[in-house]
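For reference, the structure is listed below as structure tokens.
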Amino acid sequence: MQTGGEALELYGVRRASSTLARLIAMRATRASEESHFARVIALTRQAQAEKAPISRLADRYAAVFTPLTIAVAAVAYFITGRVDAVIAVLVVATPCPLILAAPVAVMSGINRAAAVGIVVRSGGAIEQIARVHAFAFDKTDTLTRGHPALRQIAPMNGWSESDALTYAASLEEHSAHPMARAVVAAALGRREGALLTARDTREVPGHGVTGTVDGHAVAIGGRHWVEGLVGSPARENPGTGLGWDDPGAARSLVAIDGQPAAHLLFDDPVRPEARSLVPRSRALGIDRVVMLIGDGINDAPALAAASVGIAMGARGTAIAAEAADTVLMADDVSRVATAVEIGRRTTAIARQAIWIGMGVSGTLMIIAAFGVIPPALGAVFQELLHIFVIVHALRR
């Protein structure tokens, strides 16, 4: 049994798995190049190679600028018959708003994102983030905490919740299983002082733990395994609602002194910051649940293939961070909305700088075409326009 990547146990051992307690015997069923990890690497590289290059803002407008400038210069000569008017048109016809606005705005946006713990790996990612209209999340360890927590206790046969949990946690304290840690954490959260002393503990991998706690024989693990130990079936339906009717929910059974004592129900809690992401996303006009956000090895191919991928970097895997366009340095999924806000503001500023700069440049070209602006004054206007475009693009 292995628990890497998901909050609940899975069967099968993959490459790079680690044991929680003792040495185990394994049988290799595939060669190294056929492993799950190798397939993930291959899929990631394929997706990165197939990703279309992101068009830059300047590229969409630069194609018409040069022929337009030549046309205006020709009109200037036709109107005035003066070479200096042609020179003035060429001087004030600066392409710098196209050349400078987008890169400077993107640099400013990347720096602003970095200041709040969001690493944007390319300028193109900023533009793609700004165009996002849908999110796709990997649930485990992205929207949820990534480890099980004890949600409900259903005692039986005269045992109270408190006593059943205390005996179970005192025994589970000797296990490294994620569910065991959840039981211990729940007991310590409800109880003052240390747990009881457990003796003669024995862990059966994949099934559960047995031992003696304060003179009582205690067993905790999978329902059928515990029922087989005590020879007594537990109540079929421990409760209704609150997750007990969920066929996919993880459960354990506690038995004390040969009788079932309590059902335990586990879940993977939702991160508190994930709740705040919903209203912020709706405010941004994102009402569908295709930006991909994930943290695990299995997310890497999708992160690479998505229009823009965001990796949870604090506890995520290196391969996920490598495949993503953007990395959140803190495990705070609400920063996804912050990234979109920064991306949209950055793109808007870049567009404004381009349109204002090119609008002013076009106006100066028209005025210069009538011989009103001498070339020297046109050069001054050009430099002032450069400064304006840069300062405007640096706004945050």
Condition broken by ALA105, with the remaining ones in (1) at pLDDT 80 or above; (2) in a helix (DSSP H, G or I); (3) aliphatic (A, V, I, L, M); (4) over 30 Å from LEU277 (Cβ atoms) satisfied: (4)
Failed condition for ASN111, given (1) within 29 Å of MET312 (Cβ to Cβ); (2) surrounded by 18 or more Cβ atoms within 10 Å (Cβ to Cβ); (3) modelled with pLDDT of 80 or more: (2)
Within segment 157-183, tally of residues that are in contact with a strand residue (DSSP E or B) (Cβ under 6 Å, 6 or more places away or on another chain) and part of a loop (DSSP other than H, G, I, E, B): 4
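ALA134: within 30 Å of ALA330 (Cβ to Cβ) and touching an Asp or Glu at 6+ places or on another chain (Cβ under 8 Å), yes or no?
Details: within 30 Å of ALA330 (Cβ to Cβ): yes; touching an Asp or Glu at 6+ places or on another chain (Cβ under 8 Å): no.
No: the conditions fail for ALA134.
Any residue that is modelled with pLDDT of 85 or more and assigned to a helix (DSSP H, G or I) - is there at least one of those in segment 311-328? Even if it seems obvious, please write down each step before you answer.
So in segment 311-328, the residues modelled with pLDDT of 85 or more come out as none.
Among the residues of segment 311-328, not one is modelled with pLDDT of 85 or more and assigned to a helix (DSSP H, G or I), which makes the answer no.
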Which numbered condition ILE297 misses (of (1) among the aliphatic types (A, V, I, L, M); (2) touching a Pro at 6+ places or on another chain (Cβ under 9 Å); (3) over 16 Å from ALA130 (Cβ atoms); (4) at pLDDT below 85): (2)
Residue that is farthest from ALA88 (Cα to Cα), among those in segment 340-372 that are within 34 Å of the chain's Cα centre (by Cα) and either β-branched (Val, Ile, Thr) or not in a helix (DSSP H, G or I) (or both): VAL340
Per-region count, segment 114-143, residues modelled with pLDDT under 80, in a helix (DSSP H, G or I) and small (Gly, Ala, Ser): 3
Count of segment 117-149 residues which are buried (at least 18 other Cβ atoms within 10 Å of the Cβ) and either of a type in the set (Gly, Ala, Ser) or closer than 22 Å to PRO233 by Cα (or both): 5
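Can you go through PRO148, PRO155 and tell me which one is more than 30 Å from PHE388 (Cα to Cα) and either at pLDDT 85 or above or among the aromatic types (Phe, Trp, Tyr) (or both)? If you could, list the steps in order and put the result at the bottom.
Details: PRO148 fails: either at pLDDT 85 or above or among the aromatic types (Phe, Trp, Tyr) (or both).
So the residue among PRO148, PRO155 that is more than 30 Å from PHE388 (Cα to Cα) and either at pLDDT 85 or above or among the aromatic types (Phe, Trp, Tyr) (or both) is PRO155.
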Residue in segment 3-22 that is assigned to a loop (DSSP other than H, G, I, E, B), buried (at least 17 other Cβ atoms within 10 Å of the Cβ), polar (S, T, N, Q) and modelled with pLDDT under 60 present: yes
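The values are calculated or read from the model by the stated rules, or taken from the named source; none is laboratory data. As the structure is a prediction and not an experimental result, all values here were calculated from the model. All Cβ positions, even for glycine, are placed from backbone atoms using ideal geometry, and neighbour counts span all protein chains on display.
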